[in-house]
Amino acid sequence: MTTIDQLQALQIKAEGTTLLTPCVSCTFYFDHVDPAVLRDLADQAMAALDGHLAHFVTGTMRRFAKRNAKADAVFGALFDRPRVGARNWLQMRAAGHGEGVSSAELAITYKMLPPLPVTPEDTAAAIAANKQKYEVDGAIFMPMLSSISVSFPLDHPLAQPDALIAWVQGLACVNTPGFVSGHAGYALKADTEVGSRELRRAMDSGLAATLARHPGFDYEVYGSVATHLLKYWPGHPWFLPRFKRAQWLTFTRDVMLNELCGGRDTVTATLATDTAIKVHDLGDGLMIQAGDAPQIGEVTTGDLLPSYRHVAKTLAAARLPKFKSNDRFFNQDAATAWLEAFERDYD
């Protein structure tokens with residue numbers, strides 16, 4: 001059983017700055033989605049973190065600043081006046097500039113994609129364009145997704161397992177056509193503003209070591225996921241959804257399960273062989289719960305989170321194929337090992 005004391009002991013602080021901290025986090029990915037759906041999710045996240053989100057940063061700023069009327073105006077404009085093709089983003093958190101990272105955070109990236117084809121002529125043209133791009137030209141980047149990630153402090157009411165499940169089930173976004181996938185559980189937040197080379201080295205090495213030792217942690221980097229999560233689908237004008245990595249809660253879509261994992265019924269039957277796993281209906285998808293509460297595991301003691309591993313292996317064909325890292329210590333080898341940890345066989 002992972003305890004709050006165990007999690008808090010993994011926090012890294014130096015020179016009065018919080019470099020790395022654990023939290024409970026939910027992340028949701030979308031492709032063609034109604035702005036109102038994203039606004040509803042963002043509003044509910046804001047309400048849940050009321051009083052915590054005191055600082056913000058957006059695309060025109062270089063560092064976090066005190067939340068003000070401008071922040072709330074930018075928040076509204078993300079959904080009220082989106083520009084097709086533009087990447088609009090806003091991040092809010094408890095900590096201010098120089099204070100390091102915080103466990104209370106809301107990160108919104110909204111990329112409004114061109115409309116899906118409707119007429120037979122437009123559909124045929126889109127299929128031909130995708131075939132040329134991915135089969136002939138060999139493109140590796142998929143359409144960029146929108147994402148909303150909300151993080152709760154460990155002592156927040158929604159950090160409790162039953163409360164978090166009920167909160168997710170009450171969100172309209174997980175049962176809308178634009179929803180791709182998502183996950184929830186324990187996560188690590190790193191300080192993206194740290195400027196000191198020594199502090200950066202301490203943070204990166206601590207992050208790499210913690211993720212290697214405790215595979216139950218999520219680590220979110222929007223740019224490493226947003227253009228690779230979808231999968232080219234020959235003969236179709238749109239793309240297949242995939243998921244990032246197995247977590248305590250893993251949100252899937254039926255088309256993903258049916259096209260990549262052998263079918264919803266097969267997945268459900270396979271998961272049922274582990275009595276610790278619960279499967280919740282999301283309408284056009286499943287929320288897969290690996291155990292009664294989130295865990296982080298401990299590789300050095302052999303606590304490899306068997307239920308997480310069962311979920312990961314059952315859904316392996318639909319997992320994000322690569323997680324890119326440019327950090328010196330959390331390098332590409334470490335990032336790949338973390339991404340594939342639940343599917344790897346240990347001696």
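Under a Cβ-only charge scheme (Lys and Arg +1, Asp and Glu -1), can you give me the dipole magnitude of segment 157-243 about the Cα centre, in debye to the nearest 20?
Numbers: 7 positive and 7 negative charges, 53 e Å.
Dipole of segment 157-243, to the nearest 20 debye: 260 debye.
Could you compute the FRET efficiency for residue 34 and residue 83, with r as their C-beta to C-beta distance and R0 at 22 Å, rounded to 0.05?
It comes out at approximately 0.90.
These residues, 197, 264, 83, go from largest to smallest accessible area, 1.4 Å probe, as 197, 83, 264. Pick from 335, 166, 48: which residue has the top mean-square fluctuation in a GNM of the chain where Cα pairs under 10 Å get a spring? In this elastic network of the chain, the residue with the biggest mean-square fluctuation among 335, 166, 48 is 166. Among residues other than residue 259 with Cβ under 12 Å from its Cβ, the summed charge is +3 (Lys and Arg +1, Asp and Glu -1).
A probe of 1.4 angstrom, applied to the heavy atoms of all protein chains, finds residue 236 with accessible area near 50 square angstrom. Each Cα pair under 8 Å and six or more residues apart adds its sequence gap; the mean of these over the residue count of segment 151-306 is a relative contact order of 26 percent. Taking every protein chain into account, the 1.4 Å probe leaves residue 39 with about 70 Å² of accessible area, to the nearest ten.
Using a simple charge model, +1 on the beta-carbon of Lys and Arg, -1 on the beta-carbon of Asp and Glu, nothing else, what dipole does segment 191-347 show about its Cα centre, in debye to the nearest 20?
Values: 18 positive and 21 negative charges, 86 e Å.
That gives segment 191-347 a dipole magnitude of about 420 debye.
Here is the P(r) of the chain: all C-alpha pair distances, binned every 20 Å from 0, give 30, 61, 10, 0 in whole percents.
Here the 3J(HN,Hα) profile of segment 209-226, calculated from phi with Karplus coefficients 6.51, -1.76 and 1.60 at θ = phi - 60°, is 5, 5, 5, 5, 7, 10, x, x, 6, 8, 9, 9, 10, 3, x, 7, 10, 4 Hz, Gly and Pro shown as x.
Its alpha carbons considered, segment 3-83 gives a radius of gyration followed by a Dmax of 16.0, 45 Å. Candidate cross-link partners of residue 244 among the lysines, defined by an alpha-carbon separation under 29 Å and a same-chain spacing of 8 or more, comprise 13, 111, 131, 133, 189, 231, 278, 313, 322, 324.
When all protein chains stay in place and ligands, DNA and RNA are ignored, the 1.4 Å accessible-area order of 225, 118, 299, 136, largest first, is 118, 136, 299, 225. Here the peptides 67-79, 245-257 are ranked by packing, the mean other Cβ count within 10 Å, and the order with the highest first is 245-257, 67-79. Ligands, DNA and RNA aside, residue 151 has an accessible area near 0 Å² when probed at 1.4 Å. A cut-off under 12 angstrom between Cβ atoms defines the neighbours of residue 165, and their net charge, with Lys, Arg +1 and Asp, Glu -1, is -1. From the phi of every residue in segment 53-67, what ³J(HN,Hα) in whole Hz does the Karplus formula 6.51 cos²θ - 1.76 cosθ + 1.60 yield, where θ is phi - 60° and glycine or proline is x? Whole-Hz 3J(HN,Hα) from phi for segment 53-67: 8, 9, 9, 8, 8, 9, x, 8, 10, 9, 8, 5, 9, 4, 4. Figure note: 93, 87, 200 ranked by solvent-accessible area, largest first, 1.4 Å probe, ligands and nucleic acids not counted: 87, 200, 93. Taking Cα centre as origin and charging only the Cβ of basic (Lys, Arg, +1) and acidic (Asp, Glu, -1) residues, the dipole magnitude of the chain rounds to 1000 debye. When segment 140-203 is described by a simple charge dipole with +1 on each Lys and Arg Cβ and -1 on each Asp and Glu Cβ, the residue from 192, 158, 176 located farthest towards its positive end is 192.
The values are calculated or read from the model by the stated rules, or taken from the named source; none is laboratory data. Keep in mind that what you see is a predicted model, and the values were worked out from it rather than measured. Glycine gets a Cβ as well: all are built from the backbone with ideal geometry, and neighbour counts include every protein chain shown. Quick note on the areas: whole protein, heavy atoms, side chains included, nothing else; ligands and nucleic acids left out. Shrake-Rupley method; radii C 1.70, N 1.55, O 1.52, S 1.80 Å.
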